[in-house]
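Worksheet: the structure to be examined is printed underneath.
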Amino acid sequence: MALIGLVRVSTDKQNTQRQHDALDLICLKVFEEKTSGKLATDDRPDLLNVLGYIREGDLLTVQEVDRLGRNLLEGLIVLNDLFQQGIGVKVLEGIAAGEHTERPLILDIALALAEDRRRDIIRKTKNGLDAARARGRVGGRRPLSTTTNAPRSSTAASAANPSAPSPPE
């Protein structure tokens, strides 16, 4: 029996180090995926690589169950496929923490909660963007200055912050 790890984040801009810190120490091999967990298995090539590598008796290891997917149906499909092939799942954290060789209710509940959290994040993001647009904002970083994007000089910076130390002469 080998522990095979799966690290997943939704975008290239997200950091995977926390998951690697948990999995690299205990897993024979760790696969990394930077794609949405709401996608179908066939649309997740890195997950397909994991499924092609892992063998009967192994445990697919994830930090939290939502790393398998944030879509209840797709997560259940992945779990059913694994269990039918004699592959278990090891979850390190969360309500479904533990080793599972069949599908207990707690995994279903954890996946349902993951989908609900994802839906909540989408709703809050949309509401925040709508509120910003109503105030005339379009998102993104504010410019450094309304007249120029050049960095402020050290004298301008010290004038703006009198408690800042003076630059050496």
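The values are calculated or read from the model by the stated rules, or taken from the named source; none is laboratory data. Since the structure is predicted, the reported quantities are computational estimates derived from the model, not experimental observations. With ideal geometry, Cβ positions are generated from the backbone for all residues, glycine too; neighbour counts draw on all protein chains shown. Remember, those area values only see protein heavy atoms, side chains included, never the ligands or the DNA or RNA. Shrake-Rupley method; radii C 1.70, N 1.55, O 1.52, S 1.80 Å.
Here is how the numbers come out for the structure above:
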| quantity | calculated |
| --- | --- |
| Filtered residue count, region 52-89, keeping only those that are over 21 Å from GLU115 (Cβ atoms) and of a type outside the set (Phe, Trp, Tyr) | 13 |
| Any chance GLN17 is over 21 Å from ILE122 (Cβ atoms), open to solvent by 50 Å² or more (accessible area, probe 1.4 Å) and at pLDDT 90 or above | yes |
| Some residue of region 77-96 being out of contact with any helix residue (DSSP H, G or I) (no Cβ under 6 Å at 6 or more places or on another chain), surrounded by 15 or more Cβ atoms within 10 Å (Cβ to Cβ), of a type in the set (Lys, Arg) and at pLDDT 90 or above | yes |
